[in-house]
1. Answer with yes or no whether Ile120 is surrounded by 12 or more Cβ atoms within 10 Å (Cβ to Cβ), touching a strand residue (DSSP E or B) at 6+ places or on another chain (Cβ under 6 Å) and under 23 Å from Leu83 (Cβ atoms).
2. Suppose the filter is more than 24 Å from Arg19 (Cα to Cα), in the same structural domain as Trp26 (by TED's automatic domain parsing) and either free of Cβ contacts under 8 Å to residues at least 24 places away in the same chain or surrounded by 14 or more Cβ atoms within 10 Å (Cβ to Cβ) (or both); does Gly67 pass it?
3. I'd like to verify a number: residues in region 88-120 that are over 15 Å from Tyr156 (Cα atoms) and in a strand (DSSP E or B), how many?
4. For region 141-148, check the following and say yes or no: at least one residue is among the polar types (S, T, N, Q) and out of contact with any Gly (no Cβ under 7 Å at 6 or more places or on another chain).
5. Of the residues Gly30, Gly43, only one is within 30 Å of Leu83 (Cα to Cα) and modelled with pLDDT of 90 or more; which?
6. Which of the residues that make up region 51-94 are of a type in the set (Ser, Thr, Tyr) and closer than 30 Å to Phe112 by Cβ?
7. Need pairs with beta-carbon distance below 6 Å; first residue surrounded by fewer than 17 Cβ atoms within 10 Å (Cβ to Cβ) and within region 82-97, second assigned to a loop (DSSP other than H, G, I, E, B); sequence gap 6+ or separate chains.
8. Got at least one residue in region 123-130 being of a type outside the set (D, E, K, R), at pLDDT below 80 and either outside the structural domain of Glu87 (by TED's automatic domain parsing) or assigned to a loop (DSSP other than H, G, I, E, B) (or both)?
Amino acid sequence: MMVELREEGQLKYSNQPSRTAKTLNWGLVGLMGALVLGFLGYGVFWLIKGDWVVGSFITVIGLFLAGMLWLIFRIVRMPQKVLLRYELREEGYYTYVKQIKTGEESEHLVPFTQMQEVLIGRTTRYQPKGEGSIGFYVIGANIVMKWVDEEGHIQYSVFGLENPMNWRPG
């Protein structure tokens, strides 16, 4: 059975956040930081002016927001332990794994010529929106590839797609 990538597209998956996501996250941290500084400064202003009730209230709100900022900052900076990248390339199925702590990297390419069978299946995953809200279903595809490695052993690889814009008709 011959398997080929007929159109070049974004048939890629990675657990690494995009630059846009990183920029938005750090923008949120910056905005929250400015809000915290504003509340703390305004609270201190009222404390110096002598209004202890208003100053204390605004300062407590500022300290609460500072705690929230600390949590958001920890989440944004949360290090990944493993970097994964999967791609369907013109020459075959490519896998890249990097252990962040050790720096150990492994790459593997399964050429289309070594593939024996490919099964494309539909997946459905329920995505809840939150308490009291109705969620939605994400419909995707899993591509299961059966191939023979260099030693003659049968192996299997899975590539999942949930964005229909990435599906390419045959």
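The values are calculated or read from the model by the stated rules, or taken from the named source; none is laboratory data. Given the structure is predicted, the values throughout are model-derived calculations rather than measurements. Please note: Cβ atoms are built from the backbone with ideal geometry, for glycine as well, and neighbour counts cover all protein chains shown.
1. No, not satisfied.
2. Values: more than 24 Å from Arg19 (Cα to Cα): yes; in the same structural domain as Trp26 (by TED's automatic domain parsing): yes; either free of Cβ contacts under 8 Å to residues at least 24 places away in the same chain or surrounded by 14 or more Cβ atoms within 10 Å (Cβ to Cβ) (or both): yes.
Yes.
3. Of the residues in region 88-120, 7 are over 15 Å from Tyr156 (Cα atoms) and in a strand (DSSP E or B).
4. Taking every residue of region 141-148 in turn, none turns out to be among the polar types (S, T, N, Q) and out of contact with any Gly (no Cβ under 7 Å at 6 or more places or on another chain).
5. On the way: Gly43 fails: within 30 Å of Leu83 (Cα to Cα).
Just one listed residue meets the conditions, Gly30.
6. We begin by selecting, within region 51-94, every residue of a type in the set (Ser, Thr, Tyr); these are 56, 59, 86, 93-94.
Correct list: Tyr86, Tyr93, Tyr94.
7. Note: pairs meeting the criteria are Leu83/Gln16; Leu84/Asn15; Glu90/Leu5.
8. yes
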